[in-house]
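A short worksheet on the structure shown next.
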Amino acid sequence: MNGAALLQNWGVAPTASVWIGGNNIRARSEIEAVAESLRGLPEHPIDCAFITPNAVDEASYFAEKLRSRLVADATVWVAWSSLDQDGLSAISSGLGAVGFDGIGDVTLSADLVTLGFRERMRADKAQ
């Protein structure tokens with residue numbers, strides 16, 4: 001899938017402030033190749049975050065750390081092996097446990113998928 005199609009499937013607007021991070025360097029590089037030009041400054045609110053963990057529990061760790069910077073309708077995408085169904089399920093459960101709801105998935109490459117999440121609406125972000 002080309003970069004423009006991926007951005008569209010992820011719902012990333014051309015003016016979005018994007019955060020990309022995590023310890024899986026290969027997945028991170030693939031996402032950076034598509035969304036690098038949209039990266040926001042460290043102090044700016046985040047419209048879309050991409051997490052590239054090496055371990056399942058890193059996904060919820062990063063999501064919780066980013067929570068205070070996420071705008072009300074921000075999306076969080078977690079890149080993981082499309083062949084690891086147990087890992088994908090554990091990531092969904094882990095993010096659900098810390099207040100995020102799944103919104104779908106988008107294939108990143110032959111063996112990587114991104115799982116999408118949005119934070120459950122909190123009163124302080126609804127304003």
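Rule-based calculations on the coordinates, nothing more; no lab input. Small disclaimer: the values here were computed from a predicted structure and weren't measured. Here Cβ is always computed from backbone atoms with ideal geometry, including for glycine, and neighbour counts include all displayed protein chains.
Across the stretch 47-80, what is the number of residues that are part of a helix (DSSP H, G or I) and more than 16 Å from Gly22 (Cα to Cα)? Show your work before the answer.
Of the stretch 47-80, the ones part of a helix (DSSP H, G or I) are 56-69.
After this cut, where a residue has to be more than 16 Å from Gly22 (Cα to Cα) as well, the list is 68-69.
Counting residues in the stretch 47-80 that are part of a helix (DSSP H, G or I) and more than 16 Å from Gly22 (Cα to Cα) gives 2.
Only a single item in (1) more than 20 Å from Leu7 (Cβ to Cβ); (2) part of a helix (DSSP H, G or I) is not met by Leu83, and it is number (2).
If you go through the stretch 17-25 one residue at a time, do you hit one that is hydroxyl-bearing (Ser, Thr, Tyr) and out of contact with any His (no Cβ under 8 Å at 6 or more places or on another chain)? Lay out the reasoning, then the answer.
Taking the stretch 17-25 as the starting set, the residues that turn out to be hydroxyl-bearing (Ser, Thr, Tyr) are 17.
Still in the list and also out of contact with any His (no Cβ under 8 Å at 6 or more places or on another chain): none.
The answer is no, given that none of the residues of the stretch 17-25 is hydroxyl-bearing (Ser, Thr, Tyr) and out of contact with any His (no Cβ under 8 Å at 6 or more places or on another chain).
Taking every residue in the stretch 90-107 that is over 15 Å from Trp77 (Cβ atoms) and pairing it with any residue that is not charged (D, E, K, R), at least 6 positions away or on another chain, the pairs with Cβ-Cβ distances below 8 Å are Ala90/Val56; Gly96/Gly102; Ala97/Ser60; Val98/Ser60; Val98/Ala63.
Would you tally the residues in the stretch 86-102 being among the hydrophobic types (A, V, I, L, M, F, W, C), assigned to a strand (DSSP E or B) and surrounded by fewer than 14 Cβ atoms within 10 Å (Cβ to Cβ)?
Step one: of the stretch 86-102, the residues among the hydrophobic types (A, V, I, L, M, F, W, C) are 88, 90-91, 95, 97-98, 100.
Restricting the remaining residues to those that are assigned to a strand (DSSP E or B) gives 100.
Okay, now just the ones that are also surrounded by fewer than 14 Cβ atoms within 10 Å (Cβ to Cβ), so none.
Of the residues in the stretch 86-102, 0 are among the hydrophobic types (A, V, I, L, M, F, W, C), assigned to a strand (DSSP E or B) and surrounded by fewer than 14 Cβ atoms within 10 Å (Cβ to Cβ).
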